[in-house]
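**Student:** Here it is, the structure in full.
Bear in mind that the values in this text are calculations on the coordinates, not laboratory data. Keep in mind that what you see is a predicted model, and the values were worked out from it rather than measured. A quick note on method: Cβ atoms are made from the backbone with ideal geometry, for glycine too, and the neighbour counts reach across all protein chains shown.
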Amino acid sequence: MRVSGDFDDRAYLCGAQKWVGITSEACPQTSHFTGVAVTWFPALVLARIFSSLTSDPFEAWAGFWVGLTSFLCWMASLFLIDKIIQLYLKQWDDSPARTFLSSGHFPILFLMNIPVLYFATTRTFMVHTVELFWALLFLYFLKRGRFLWGLVSLAVLLATRPINLGACFLFPAFLLESITSIKIPKKGLVAIFATILVAALFVLVKMAVTGYHETFVIPLILDFKIESLWAFLFAQDFGLVWSQFVWLFAFLLWGRYFKRGSAVLAAAGFWMFVSGLTGLFWPTRGGTFGYRYLIGSYAAVLLVFLETAPYWSFFFGSKSTKLLKILLVSGALWGAVQCWIYPAPKPYWPWDKPLHTQLGLPYGQVFSWIKQTPDLAKMNRFSQAGQFLERLGLISQSEFTRQGGVRGYALEGSVGQFNFFLTGVLAIATLFRSVTQWIRRKI
């Protein structure tokens, strides 16, 4: 919940804080798309109010409220995943796959296999939890037949992360699926497809002429090397084979059942394809940070699983179900490990970043985990409880360096006091509810 001097985090904040009349000399000359301000606006209003009532600056309170918003978006994504699955339940026949996908733990495992936990808990000024939330909300509204709200969600999603341009394919696909129950004029369908085409052409022209932060589409294509594909798949840190098995498996499912599926399935695959191409061709070369370009398309990944369920569910025996559970649990645990040892600069993490970006098995990440076990065991750098114990003096204090200054890892000042107050209230409420439920069961 801290802002550094690095470009990405500060650029997102600077693009959003203008909505509440705040300007900062530390802001870069250019900023990212400000669609995230739609989601952050209540947090920034609260940050401005609290900064005027206390001695802590706006940026400190923005870190707290935006951080909380990012975490809440991550939690809301869990409920949206479950809601979307419930909408598909009535379309499935009984099978081991149906039982597993409709279980209570599948949404949790699916969410934990999305590499977004780090941005929900640590680097919260990045917009990826917000991106995932709006992508899933867009899918939920489309499946419910709420096309107007779906269009609004799509607009906010694209304003937040234009890389999700592939999501535009889903809108006409769901409209065509509902055309028997909803009378849509042909001119309306033509207008929808024309809008998507114009939007795509606009993005391509902008990337070709003005570029995006000095990145242009033609050099991206000309500079592509086949080594980027291997890095995209087999890089030690975030290669798809190691860190995003669910995304890769869904893409293979889409390729397998593309011809037998509906327009919705085809559109979901194209969304994944567009996001994958962007991650592959962007200057990161599919290495560290390249995976971030796929996060929004995990809504399409979920859709691929659900749309193809009728085709593979009867071939999905109990043993295969157990194997998939093992793979999902392993992916969730590995994602948590990646979050703990994420290769980030010192302002965000208390140690040097492990640059294990070579090709091959992810032994470098395992080595980092083992090397950092003593720090991980202390827990004061990675949890509210640890920071609270540090404030009480029960464990040793930890520090981190930011912009040339050394600061305590536990939140300080009024921000820290309010943080621990809110945490305590929630902890007491959760404990009280658990106790009352236990008493009711006994009675």
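**Student:** Ranked by Cβ crowding within 10 angstrom, fewest neighbours first, how are Ser153, Ser396, Ser297 ordered? Walk me through the intermediate numbers first.
**Tutor:** Details: Ser153 22, Ser396 9, Ser297 32.
Going from least to most buried by this count: Ser396, Ser153, Ser297.
**Student:** Quick check: net charge around Phe141, other residues with Cβ under 15 Å of its Cβ, Lys/Arg +1 and Asp/Glu -1? Don't skip to the end; give the middle numbers.
**Tutor:** Working: positive: Lys83, Lys143, Arg144, Arg146; negative: Glu177.
Once all neighbours under 15 Å are counted, the net charge is +3.
**Student:** Neighbour counts of other C-beta atoms within 10 Å: give me Thr308, Thr54, Thr160, Thr430 arranged from fewest to most. It would help to have the intermediate numbers written out before the result.
**Tutor:** On the way: Thr308 22, Thr54 15, Thr160 27, Thr430 10.
Placing the least packed residue first, the sequence is Thr430, Thr54, Thr308, Thr160.
**Student:** Here is a follow-up. For Phe224 and Trp19 in one chain, what is 0.36 nm times their gap in residues minus the Cα-Cα distance, to one decimal in nm? List each step's numbers first, then the result.
**Tutor:** Working: separation 205, 0.36 × 205 = 73.80 nm, distance 3.85 nm.
Gain on stretching Phe224 to Trp19: 70.0 nm.
**Student:** Which loop trypsin sites (Lys or Arg not before Pro) in region 72-141, with loop taken from DSSP, have no more than 13 other Cβ atoms within 10 angstrom of their Cβ? Could you put the intermediate results ahead of the total?
**Tutor:** Numbers: sites: Lys83, Lys90, Arg98, Arg123; in loops: Lys90, Arg123.
Sites meeting the loop and neighbour criteria: Lys90.
**Student:** OK, next. Of Val203, Val264, Val198, how do they rank once you tally other Cβ atoms within 10 Å and put the fewest first?
**Tutor:** Details: Val203 16, Val264 21, Val198 10.
Fewest-to-most Cβ neighbours within 10 Å comes out as Val198, Val203, Val264.
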